[in-house]
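The values are calculated or read from the model by the stated rules, or taken from the named source; none is laboratory data. Given the structure is predicted, the values throughout are model-derived calculations rather than measurements. Note: ideal-geometry Cβ built from the backbone for every residue, glycine included; neighbour counts use all protein chains shown.
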Amino acid sequence: MNTENEIMAKLEIEHIAELQKYKDEFETLGKNDWGLKDLISIFLPFILLSIANSFYDIETEIFQIICFIFLASAVVQGMIREQTKKTNRRIDLLLKIINHEQKGG
């Protein structure tokens, strides 16, 4: 009887350790990890605008307004991309946990 309780306790400890591993992975997902693709998508509009400015005479005020709009757009785009990555990674982990639990965990 005592060994049966020990076996059940060991199984429960293993299950808790696995859940703790998932929790730790969940907490680390979605960190700020800016890649090359993110930086290119931010700076590309400014580069294209500079090229367009060299070929066409864009007024200074309009150029500054367009740069400000691109900057504001880049900030919003970065915030949205960051939250989307974080959400998608966490959803993937939750699906992994659910599938593991359905298999009998």
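Within 28 Å of Lys21 (Cβ to Cβ) and either at pLDDT below 85 or not acidic (Asp, Glu) (or both): is that true of Asn53 in this structure? So Asn53 fails the test. Of all residue pairs spaced 6 or more apart or on separate chains, those with beta-carbon atoms under 9 Å, a first member in the stretch 15-39 that is under 11 Å from Arg89 (Cα atoms) and a second member that is at pLDDT 70 or above and acidic (Asp, Glu) are Leu29/Asp92; Gly30/Glu82.
If the condition is being farther than 20 Å from Lys37 by Cα and without any contact (Cβ under 8 Å) to a residue 12 or more places away in the chain, then the stretch 62-91 contributes Ile62, Gln64, Ile65, Phe68, Ile69, Ile91. Scanning the stretch 56-95 for residues that are loosely packed, with under 13 Cβ neighbours inside 10 Å and either under 30 Å from Glu18 (Cα atoms) or touching a strand residue (DSSP E or B) at 6+ places or on another chain (Cβ under 6 Å) (or both) returns Gln83, Thr84, Thr87, Asn88, Ile91, Asp92, Leu94, Leu95.
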